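Worksheet for the structure shown next.
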Amino acid sequence: MSLTDPVADFLTRVRNAINARHQKVDVPLSKLKVEIARILKDEGYIANFKSTEEEGRKVLRVYLKYSPDNSSPISQLKRISRPGCRVYVGHSEIPRVLGGLGINILTTPKGVMTGRQARKEKLGGEVLCEVY
């Protein structure tokens with residue numbers, strides 16, 4: 001099975017797992033997904049992640065996080081830049097998500113980072129997704 005948009009697949013799997021109230025979700029491993037998971041963890045959207053090997057395939061295992069009332073910190077995961085329609089922004093045009101309540105994840109020349117970091121470092125890039 002070839003995936004044309006592995007990032008959208010990753011976001012969809014996490015979204016579905018949250019809707020089904022799973023504790024963890026496995027996605028095929030890639031450096032970009034590890035970086036996205038790192039940002040989600042740093043920003044407090046997921047509990048943890050680790051890369052493991054299962055049946056000879058490398059997978060990224062994402063541990064989801066829920067509050068005591070069983071709600072997830074992630075209410076929305078939205079893919080912005082898609083293979084068919086890439087979205088690039090300069091550092092001054094990085095959109096604010098929900099007036100600063102959410103985050104967007106960008107790929108910049110200095111790696112994957114949040115919109116806030118990119119704005120601070122005056123870096124533009126491709127807007128992968130937004131999370132809130």
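The values are calculated or read from the model by the stated rules, or taken from the named source; none is laboratory data. Nothing here was measured: the structure is a model prediction, and the numbers come from that model. Cβ placement follows ideal geometry from the backbone for every residue including glycine, while neighbour counts extend to all protein chains displayed.
Computed quantities for the displayed model
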read-out: Output for the stretch 12-61, where each listed residue is more than 21 Å from residue 132 (Cβ to Cβ) and assigned to a helix (DSSP H, G or I); value: 31, 34
read-out: 3 or more residues at pLDDT 95 or above: qualifying strands (runs of 3 or more DSSP E) within the stretch 71-132; value: 103-108, 111-114, 125-131
read-out: Residue that is over 11 Å from the mean Cα position of the chain (by Cα), basic (Lys, Arg), under 15 Å from residue 130 (Cα atoms) and loosely packed, with under 13 Cβ neighbours inside 10 Å, where the choices are 82, 96, 86; value: 86
read-out: Residue within the stretch 89-102 that is of a type in the set (Val, Ile, Thr) and closer than 21 Å to residue 4 by Cα present; value: no
read-out: Unique match (being without any contact (Cβ under 8 Å) to a residue 40 or more places away in the chain, under 25 Å from residue 125 (Cα atoms) and not assigned by TED's automatic domain parsing to the domain that holds residue 117) among 95, 28; value: 28
read-out: Count of the stretch 98-113 residues which are touching a residue at least 40 places away in the same chain (Cβ under 8 Å) and in contact with a helix residue (DSSP H, G or I) (Cβ under 6 Å, 6 or more places away or on another chain); value: 2
read-out: Residue match in the stretch 1-12 (condition: farther than 27 Å from residue 85 by Cα and surrounded by 14 or more Cβ atoms within 10 Å (Cβ to Cβ)); value: no
